[in-house]
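> If you scroll down you'll find the structure; I have some questions about it.
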Amino acid sequence: MWEYTDKVKEHFLNPRNVGEIEDADGVGEVGSLACGDALKLTFKVDENERIVDAKFKTFGCASAIASSSALTEMIIGKTVDEAAKITNEQIAEYLGGLPKEKMHCSVMGRDALEKAIAHYRGQPEKKIEGEIVCECFGVTDVQIRRAVNENKLASIEEVTNYIKAGGGCGNCHEKIQAIIDAELGRPAEKKPKPKRLTNIEKIRLVQETLEREIRPQLLQDGGNIELVDVDGDTVLVKLQGSCASCQMSQVTLKDYVEAKLKELVTDSLVVEEVR
Amino acid sequence: MKPIYMDNNATTRVAPEVVEEMLPYFSEFYGNPSSMHTFGGQVAAKVEEAREKLAALLGAGPEEIIFTSCGTESDSTAIWAALRSNPDKRHIITTKVEHPAVKNLAEYLGSQGYRVTFVPVDGQGNLDLDYLYDHLSDDTAIVSVMWANNETGVIFPVEEIAARVTDHGAVFHTDAVQAVGKVPINLGENKVQMLSLSGHKLHAPKGVGALYVRRGTKFAPFLMGGHQERGRRAGTENVASIIGLGKAAELAAAHLEEENKRVKKLRDKLEKELLARIPNAMVNGNPEKRLPNTTSIAFEFVEGEAILLLMNEFNICASSGSACTSGSLEPSHVLRAMGVPFTAAHGSIRFSLSIYNSEEEVDLVIEKLPPIIERLRKLSPFWAEHRKKASCAC
Ligand SMILES: Cc1ncc(COP(=O)(O)O)c(C=O)c1O
């Protein structure tokens, strides 16, 4: 259900000042289709820097439209200096409040106003760091690189889930992939295939890996592991301590013990539990 | 003003016949079906009658039906049962477009050490079957694929998938919450092992569902306790609702043809006329393989919530594909998985009809919606731009 105030509904159903001023003094555009909301604000001032007319065009939900409509009403009649002091909370207040998940609509209004005033005053746009990669969401290479590094993202899909980049038209997928590859050191040369191990080498490596890598980890969780035998590529082990009674012991065995042995000894190993 | 209700994939009106069937079981026959006395026993007999009616709708045996509290419980029960009774298997296959009842559980299991494969769909919402089959392995415990998608109505070839999956030794479950009562289902003729359904999607009340479990399928209960449902689902039965679900199943069988003829015709008219009257509108999902009652239409350059709210002024009820309430403004995972462009995904509206809809109602929506879209487009900065460029980069 919509928890909008009557004022929000009223502004949504009868928005004021819809349109675009042709020879506007200030123009501010924020948001994008991909983001789900966008606002273009235009205004005109008189010789005393008083805003005499303002118009908006908005793509978005009811509260985005209501916030834009409210914004134009709020700034008409004010000087540019006065208008510059308007906060997003004031826009929300003007409408009798907005649901908290809709506060971004008032932020969008405030951002458009800031941009329009900067445009009017001839101030340069705030410089963005880096180069835009995803046009749909306006995400830069710097942001993508940071997200990939901080969150160890390995696929375009993961990048999209984290910072939206690549979730729109898809034109930037190649660039995103290139960033991922560069950051993760890929396409690093494939690890040279380990040479075939003799049985003796294999057993020694399995023992070493268990002692050095796996056992300490299990001990920390109150468990333990014992190597029973190595039969071809099958490593037979006994789980002890808390591991033996743990519901998730199969997970430990496959996802941890076996994965580690595959990684550090050889890919073909299978771990089985002896009870 | 009576609502023009075209949101039947969200929930349906309880059929008057169903209400009537249920009423005596609140105040007159309020006994516990597990009781020894005749007063309770007669209620148990009525519950069994409901089980038989529901089984008949599905082409199943009554002993294969477990009553639950909702579609979500049925889904959870099925997936956990397959995992618990095959503890050595650690792999789950499902799709990218499941209802959260399956999707969120699968994601949770993925965080608990299970391997989960989410099968993708194409631009029309069709499942990539090769991808599914390629990922089947001896480690696969369960494959869960919905029968029909709740947002687009697209139907998946679950019977074909069931045959392949069970051949491979994995359990096959389908979330048929949106399919039951809308398309014919005959479990006697396929290999589906578990099937979920929910009462409130087929004119029974909310808070009752069922899980079909094929005879011979390994099972472990989700709710443990008393011996109700032959030990497979503990808890005193929601007697009146179960009786209602039985009646609704009987009605669904009788109305299946109407659903696929009259309701489909209404849906087709609604869709055709809206597309004809509104430029830059298109249908989401494979139009050939769809539920007869559902259409998801994308209106470019406008936002779904605003459309819904303006339709609300005329008491027209539908739903949108965007999760605008969440603050993230991300369009639905279903439309995202299909690769529906953002221009269209944000303005997608789902209309889902039922046998209670009339042609007058459809005509009214056809009349009211085009000016609503036009009005919002006049507000939209992208519409004018689009008109200028006649093509969009995004
Ligand atoms: C496909 C699908 N599965 C599951 C559910 C959940 O059913 P319930 O609301 O009965 O838990 C729904 C209902 O929205 C659905 O559409």
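The values are calculated or read from the model by the stated rules, or taken from the named source; none is laboratory data. Small disclaimer: the values here were computed from a predicted structure and weren't measured. Neighbour counts are summed over all protein chains in view; Cβ atoms, including those assigned to glycine, are modelled from backbone coordinates with ideal geometry. For the accessible areas, the whole protein counts, side chains as well, though only heavy atoms, and no ligand, DNA or RNA atoms are used. Shrake-Rupley method; radii C 1.70, N 1.55, O 1.52, S 1.80 Å.
> All other residues with a Cβ under 10 Å from the Cβ of B:E359 taken together, and with Lys, Arg as +1 and Asp, Glu as -1, what is their net charge?
On the way: positive: B:R262, B:K265, B:K269; negative: B:E360, B:E361, B:D363.
So the environment of B:E359 carries a net charge of 0.
> Okay, next question. Compute for chains B and A the buried accessible surface, both sides summed, probe 1.4 Å, and express it in Å² to the nearest 100. Can you show the working numbers first?
Numbers: alone 16810 and 16310 Å², together 30070 Å².
Its buried surface, counting both partners, is about 3100 Å².
> Quick one: 3J(HN,Hα) in Hz for the stretch A:137-152, Karplus 6.51/-1.76/1.60 with θ = phi - 60°, rounded, Gly and Pro as x.
After applying 6.51 cos²θ - 1.76 cosθ + 1.60, I find 10, x, 9, 8, 4, 4, 5, 5, 4, 5, 4, 4, 5, 5, 10, 6 Hz.
> How far apart, in nanometres, would the label points at A:Q240 and A:E272 be if each is projected 7 angstrom from Cα along the Cα-to-Cβ direction?
Computed distance between label sites A:Q240 and A:E272 equals 2.2 nm.
> Below 13 angstrom from the Cβ of B:A220, what's the summed charge of the other residues (Lys, Arg +1; Asp, Glu -1)?
Working: positive: B:R84, B:K218, B:R232, B:R233; negative: none.
Neighbourhood net charge equals +4.
> Mean residue ellipticity at 222 nm from the helices of chain A, using -39,500 (n - 2.57) per DSSP H segment of n ≥ 4 over the full residue count, to the nearest 500 deg cm²/dmol? Present the calculation step by step, with values, prior to reporting the outcome.
Values: 12 runs with 108 residues, N = 275.
That calculation yields -11000 deg cm²/dmol at 222 nm.
> Apply 1/(1 + (r/R0)^6) to the Cβ-Cβ distance of B:S27 and B:D138, taking R0 = 41 Å, and write down the FRET efficiency to the nearest 0.05.
Values: r = 55 Å, r/R0 = 1.34.
It comes out at approximately 0.15.
> Something else now. In whole Hz, with x marking every Gly and Pro, tabulate ³J(HN,Hα) for the stretch A:15-31 from phi via Karplus 6.51 cos²θ - 1.76 cosθ + 1.60, θ = phi - 60°.
Per-residue couplings from phi come out as x, 8, 6, 7, x, 9, 7, 4, 9, 5, 8, x, 10, x, 10, 9, x Hz.
> Another one. Test of understanding: what is the full-extension gain from A:A154 to A:D231, defined as 0.36 nm times their sequence separation minus their Cα-Cα distance?
Going from the current span to full extension adds 24.2 nm.
> Return the equivalent ellipsoid semi-axes of the stretch B:126-224 as a descending list in whole Å, where each equals the square root of 5 times an eigenvalue of the C-alpha gyration tensor. Kindly include the intermediate steps, with their values, before the conclusion.
On the way: eigenvalues 103, 62, 27 Å².
Largest first, the stretch B:126-224 gives 23, 18, 12 Å.
> Mind telling me which of A:T42, A:T79, A:T252 comes out most flexible in a GNM of chain A, alpha-carbon contacts under 10 Å?
In the Gaussian network model the winner is A:T252.
> Let me ask something additional. Give the range of the longest stretch in chain B that excludes all GluC sites (Glu not before Pro) found in loop regions by DSSP and having at most 10 other beta-carbon atoms within 10 Å.
Longest run free of exposed loop sites: B:29-287.
> Between B:N9 and residues 5 or more places away or on another chain, which pairs have amide H atoms under 5 Å apart, with H built 1.01 Å from N, and which residues are they?
B:S352
> Where does the Debye-calculated log10 I(q)/I(0) of the stretch B:16-252 sit at q = 0.14 Å⁻¹, using only Cα point scatterers of equal weight, no solvent?
For the requested q values the scattering log ratios are -0.85.
> Return an integer: the convex hull volume of the alpha-carbon atoms of the stretch B:181-327, in Å³ per residue. Walk me through the numbers before you get to the answer.
Details: hull volume 27.3 nm³, N = 147.
Value for the stretch B:181-327: 186 Å³ per residue.
> Hey, got a sec? Which trypsin sites (Lys or Arg not before Pro) in the stretch B:1-92 land in a DSSP loop and have at most 15 other Cβ atoms within 10 Å?
Here the trypsin sites (Lys or Arg not before Pro) that fit, given the DSSP loop and packing criteria, are B:R13.
> Roughly how compact is the stretch A:132-184, stated as its Cα Rg over 2.2 N^0.38 Å to two decimals? The partial results should precede the final answer.
Working: Rg = 9.2 Å, N = 53, 2.2 N^0.38 = 9.9 Å.
The value comes to 0.93.
> Now for a different question. Modelled label-to-label distance, B:A253 and A:E3, 7 Å Cα→beta-carbon offset: nm?
Result for the modelled spin labels: 4.5 nm.
> Rg (Å, one decimal) plus Dmax (Å, integer) for the alpha carbons of the protein assembly as shown?
Spelled out, the Cα radius of gyration and Dmax of the protein assembly as shown are 29.5, 92 Å.
> For the stretch A:199-273, what is the per residue volume of the convex hull drawn over the alpha-carbon atoms, in cubic angstrom? Write down the numbers at each step before the final one.
On the way: hull volume 5.2 nm³, N = 75.
Per-residue hull volume (Cα only) is 69 Å³.
> Taking N as the number of residues in the stretch A:6-120, what is its Cα Rg relative to 2.2 N^0.38 Å? If you can, show how the numbers build up before the last one.
Working: Rg = 12.7 Å, N = 115, 2.2 N^0.38 = 13.4 Å.
So the Cα radius of gyration is 0.95 times the expected 2.2 N^0.38 Å.
> Of all the stretches in chain A, which is the longest one without any exposed loop site, taking GluC sites (Glu not before Pro) in a DSSP loop (any state but H, G, I, E, B) with at most 10 other Cβ atoms within 10 Å?
Working: sites that count: A:E22, A:E47, A:E125, A:E129, A:E131, A:E189.
Between the exposed loop sites, the longest stretch runs A:190-275.
> Restricting things to alpha carbons, tell me how big the stretch A:1-72 is in terms of Rg and Dmax, in Å.
Rg, Dmax (Cα atoms, Å): 13.1, 46.
> Can you bin the stretch B:1-98 into rounded, prolate or oblate? Criterion: square roots of the alpha carbon gyration tensor eigenvalues sorted a ≥ b ≥ c, rounded for a/c under 1.5, prolate for a/b above b/c, oblate for the rest. Don't skip to the end; give the middle numbers.
Details: a/c = 2.57, a/b = 1.25, b/c = 2.06.
Taking the square roots of the gyration eigenvalues as a ≥ b ≥ c, the stretch B:1-98 is oblate.
> If you bin the C-alpha pair distances of chain A every 5 Å from 0, what whole percents do you get?
That works out to 1, 5, 10, 10, 9, 8, 8, 8, 6, 5, 5, 5, 6, 6, 4, 2, 1, 0, 0, in percent per bin.
> Relative contact order (percent) for the stretch B:16-252, with alpha-carbon contacts under 8 angstrom and 6 or more residues of separation?
Values: 474 pairs, mean separation 64.9, N = 237.
That works out to 27 percent.
> Any idea what the relative contact order of chain A is, in percent, if you count C-alpha pairs under 8 Å spaced at least 6 apart? Mind dumping the intermediate values first?
Working: 410 pairs, mean separation 33.2, N = 275.
That works out to 12 percent.
> Taking the Cβ-Cβ separation of B:A384 and A:A118 as r and a Förster radius of 25 Å, what is the calculated FRET efficiency to the nearest 0.05? Don't skip to the end; give the middle numbers.
Details: r = 23 Å, r/R0 = 0.93.
With R0 = 25 Å, the Cβ-Cβ based efficiency is 0.60.
> Next up: Taking the 0 to 90 degree range and rounding to the nearest ten, how far is the long axis of helix B:100-111 tilted relative to the main principal axis of chain B, both from C-alpha atoms?
Tilt relative to chain B: about 80 degrees.
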